[in-house]
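Student: Next up is a structure, given as structure tokens.
The values are calculated or read from the model by the stated rules, or taken from the named source; none is laboratory data. Since the model is a prediction, treat every value here as computed from it, not as a measurement. We place every Cβ from the backbone using ideal geometry, glycine too, and count neighbours over all the protein chains shown. Keep in mind that these areas ignore ligands, DNA and RNA; they rest on the heavy atoms of the full protein, side chains included. Shrake-Rupley method; radii C 1.70, N 1.55, O 1.52, S 1.80 Å.
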Amino acid sequence: MEILTTTTALRERIRAQRAQGKRIAFVPTMGNLHAGHLQLVRQAQALADYVVVSIFVNPMQFGPNEDYASYPRTLDPDKAALQDAAADLLFVPDVQEIYGGSPGQVTRVEVPGFEGDLCGRSRPGFFTGIATVVTGLFNRVQPDIAVFGEKDYQQLVMIRRMVRDLCMPIEVHGAEIVREVDGLAMSSRNGYLTPAERATASRLYQVLNEVKTALERGASDLAALEQTALDSLSVAGFNPDYVSIRQRGDLRVPAPDATELIVLAAATLGTTRLIDNIVISVT
Ligand code: PAF
């Protein structure tokens, strides 16, 4: 696996791969890789001939009181994991390389409707930070395919919208959530949990499953289901941000005849913000 830090070198390598007729897949990450990320790499390998992974902790998607400074940076084990997974190229730019030293001044990409909804409500600037950095990374890598995890489902829907709206010639694929044995969705932030919080954390997925079961049994008062779930999370010791039942494709509030749904939740345990979701098909 080759490791590059500059856009110039990256473009040169990718041009050479393209000249050999290879299809390029791209997996953007912020590092601290776990089995969920490696699943993205495997999916990318199944879809293309040459897989580029990036590791860049993007300052633009962190709020002033969030964990940018303390976000786990584990480059050596990440390199080893990607080497084992047989990724072809790792791109590790620094902030200067991506933003020219002035993240506050660069052109921003904002996908309408995401900043004020779900995670966007409590994390101002988060989705604009993601859309901006992903656009910059896409322009550098120019992949045929990009793979994102479904745990960050709102991010995935936003990227699909952005790619469509800006006519980017990229197929966007979602990869299923990878879970710990007790159901907790894998996340780099799980490492912040104390042992007691870790024991409680799997309740988030259980609560989502309870909403799913109720919907499958015909419950139709979505607001009541969401409130019950919020109460269950509070009782378990979470500080819930939202539990929301939406249409799976566009994250709109479900139309009466919608059958493909998703329940999304975000809740804080101690100081750690966890998100998760579960999909449901109702008849
Ligand atoms: O999902 C992530 O890890 C990040 O939001 C991404 C897509 C790498 C952009 O920084």
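Student: Between a residue in region 24-49 that is over 15 Å from Met1 (Cβ atoms) and any residue that is polar (S, T, N, Q) and surrounded by 21 or more Cβ atoms within 10 Å (Cβ to Cβ), which pairs come within a Cβ distance under 7 Å, given they are 6 or more apart or on different chains?
Tutor: That search, which allows pairs on different chains as well, returns Pro28/Ser54; Met30/Asn58.
Student: Working only within region 125-148, note down all residues that are part of a helix (DSSP H, G or I), more than 9 Å from the ligand (Cβ to nearest atom) and in contact with a Gly (Cβ under 8 Å, 6 or more places away or on another chain).
Tutor: Hit for region 125-148 is Phe127, nothing else.
Student: Considering only residues that are over 9 Å from the mean Cα position of the chain (by Cα), within 11 Å of the ligand (Cβ to nearest atom) and over 14 Å from Phe26 (Cα atoms), which ones fall in region 149-174?
Tutor: Met158, the sole residue that qualifies.
Student: Select from region 10-65 the residues that are more than 30 Å from Glu115 (Cα to Cα) and either within 10 Å of the ligand (Cβ to nearest atom) or hydroxyl-bearing (Ser, Thr, Tyr) (or both) and list them in ascending order.
Tutor: The answer is Tyr50, and nothing else.
Student: Using the structure shown, decide if Ile177 is in contact (Cβ under 8 Å) with a residue 60 or more places away in the chain, in contact with an Asp or Glu (Cβ under 6 Å, 6 or more places away or on another chain), over 22 Å from Phe62 (Cβ atoms) and within 13 Å of the ligand (Cβ to nearest atom).
Tutor: On the way: in contact (Cβ under 8 Å) with a residue 60 or more places away in the chain: yes; in contact with an Asp or Glu (Cβ under 6 Å, 6 or more places away or on another chain): yes; over 22 Å from Phe62 (Cβ atoms): yes; within 13 Å of the ligand (Cβ to nearest atom): yes.
Yes: the conditions hold for Ile177.
Student: In this structure, is Gly31 part of a helix (DSSP H, G or I) and surrounded by 15 or more Cβ atoms within 10 Å (Cβ to Cβ)?
Tutor: On the way: part of a helix (DSSP H, G or I): no; surrounded by 15 or more Cβ atoms within 10 Å (Cβ to Cβ): yes.
In short, no.
Student: Six or more apart or on different chains, Cβ atoms under 6 Å: show the pairs whose first residue is in region 58-75 and touching a residue at least 60 places away in the same chain (Cβ under 8 Å) and farther than 20 Å from Gln155 by Cα and whose second is open to solvent by 30 Å² or more (accessible area, probe 1.4 Å) and in a loop (DSSP other than H, G, I, E, B).
Tutor: Close Cβ pairs satisfying both conditions: Pro72/Asn32.
Here is a yes/no grid of residues against (1) open to solvent by less than 30 Å² (accessible area, probe 1.4 Å); (2) closer than 16 Å to Val52 by Cα; (3) more than 15 Å from the chain's Cα centre (by Cα); (4) modelled with pLDDT of 95 or more:
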site	(1), (2), (3), (4)
Tyr68	no, no, yes, yes
Pro72	yes, no, yes, yes
Leu75	no, yes, yes, yes
Ala81	yes, yes, yes, yes
Asp84	no, yes, yes, yes
Glu97	no, no, yes, yes
Val111	yes, no, yes, yes
Cys119	yes, no, no, yes
Gly129	yes, no, no, yes
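Student: Let me ask something else about it. When region 86-95 is examined, which residues are found to be at negative phi and either assigned to a loop (DSSP other than H, G, I, E, B) or open to solvent by 20 Å² or more (accessible area, probe 1.4 Å) (or both)? Don't jump to the end; show me each part of the working.
Tutor: Narrowing region 86-95 to residues at negative phi: 87-95.
Across region 86-95, the qualifying residues are Ala87, Asp88, Val92, Pro93, Asp94, Val95.
Student: Take Arg18 and decide whether it is outside any strand (DSSP E or B), out of contact with any Pro (no Cβ under 6 Å at 6 or more places or on another chain) and either without any contact (Cβ under 8 Å) to a residue 40 or more places away in the chain or surrounded by fewer than 14 Cβ atoms within 10 Å (Cβ to Cβ) (or both). Break it down stepwise before answering.
Tutor: Values: outside any strand (DSSP E or B): yes; out of contact with any Pro (no Cβ under 6 Å at 6 or more places or on another chain): yes; either without any contact (Cβ under 8 Å) to a residue 40 or more places away in the chain or surrounded by fewer than 14 Cβ atoms within 10 Å (Cβ to Cβ) (or both): yes.
In short, yes.
Student: Taking the residues in region 225-245 that are touching a Pro at 6+ places or on another chain (Cβ under 7 Å) and touching a residue at least 24 places away in the same chain (Cβ under 8 Å) as candidates, determine which candidate is farthest from Gln206 (Cα to Cα).
Tutor: In the first step, residues of region 225-245 are kept if they are touching a Pro at 6+ places or on another chain (Cβ under 7 Å); the result is 230, 233-234, 245.
The next check asks that each one be touching a residue at least 24 places away in the same chain (Cβ under 8 Å); those that pass are 233, 245.
Numbers: Leu233: 10, Ile245: 15 Å.
The extreme case among them is Ile245.
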